[in-house]
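Trainee: For reference, the structure I am asking about is given below.
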Amino acid sequence: MTGDDARARDLAVEYKTVGIDDAATAAARLRAEHELPTLLVLDREGMPKAILPASQMIEILVPAYVVEDSTLAAVVDEGHADRLCQALEGRTVGEWLARKAPVLPVTDPDATVLEIAALMTQAHSPLVTVVEQNGETRLLGVITATHLLHRLLGPPS
């Protein structure tokens with residue numbers, strides 16, 4: 001199958017997910033341990049709700065006063081910096097998302113490679129979710145930017 005006739009259903013793969021009610025610290029560890037570009041957050045019914053990019057996860061850990069004036073980062077001692085993750089203790093993924101959830105790119109199983117690439121580009125997302133809505137809504141998997149690039153580039157010459 002060439003990149004030209006591949007459909008989203010053919011490219012979708014399983015992906016690590018977290019639930020909206022999961023602990024934020026567990027989600028951060030999952031992302032770090034598996035080196036995921038983003039977390040796929042599922043709602044209580046197991047359907048895609050949002051993505052949580054690694055950059056946004058880090059942004060949430062940085063105090064607002066440092067974001068506003070980055071020169072303050074140089075004067076914060078390492079002991080204080082080590083305590084940044086304590087801000088996640090007792091919080092859920094849903095509370096983490098409440099600040100600013102990026103657009104969740106969703107496509108249907110028949111989408112072409114070009115349609116997937118366009119959606120990924122428009123959403124500025126490292127992945128697209130593939131959802132089938134055939135009487136019952138079902139997550140088929142995701143297509144990552146890396147997987148899509150491999151498909152578009154083809155085998156090495």
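Trainee: Looking only at residues that are in contact (Cβ under 8 Å) with a residue 12 or more places away in the chain, open to solvent by 30 Å² or more (accessible area, probe 1.4 Å) and of a type in the set (S, T, N, Q) in the stretch 122-143, which one is nearest to GLY46 (Cα to Cα)?
Mentor: In this case the residue turns out to be THR137.
Trainee: Shifting gears a bit: Only residues that are farther than 20 Å from ILE51 by Cα and open to solvent by less than 90 Å² (accessible area, probe 1.4 Å): list them for the stretch 144-157, please.
Mentor: Matches in the stretch 144-157: ARG151, GLY154.
Trainee: Something else: Tell me the helices (runs of 4 or more DSSP H) entirely within the stretch 1-104 that contain at least 1 residues that are within 21 Å of the chain's Cα centre (by Cα), exposed (fewer than 15 other Cβ atoms within 10 Å of the Cβ) and at pLDDT below 90.
Mentor: Answer list for the stretch 1-104: 24-34, 54-61, 93-97.
Trainee: Residue under question is GLU115, and the condition is that it be within 20 Å of GLU14 (Cβ to Cβ) and at pLDDT 85 or above; does it hold?
Mentor: no
The values are calculated or read from the model by the stated rules, or taken from the named source; none is laboratory data. The model shown is predicted, which means the values in this text are computed figures rather than measured ones. All Cβ positions, even for glycine, are placed from backbone atoms using ideal geometry, and neighbour counts span all protein chains on display. To get the accessible areas, we keep the full protein, side chains included, count just its heavy atoms, and leave off ligands, DNA and RNA. Shrake-Rupley method; radii C 1.70, N 1.55, O 1.52, S 1.80 Å.
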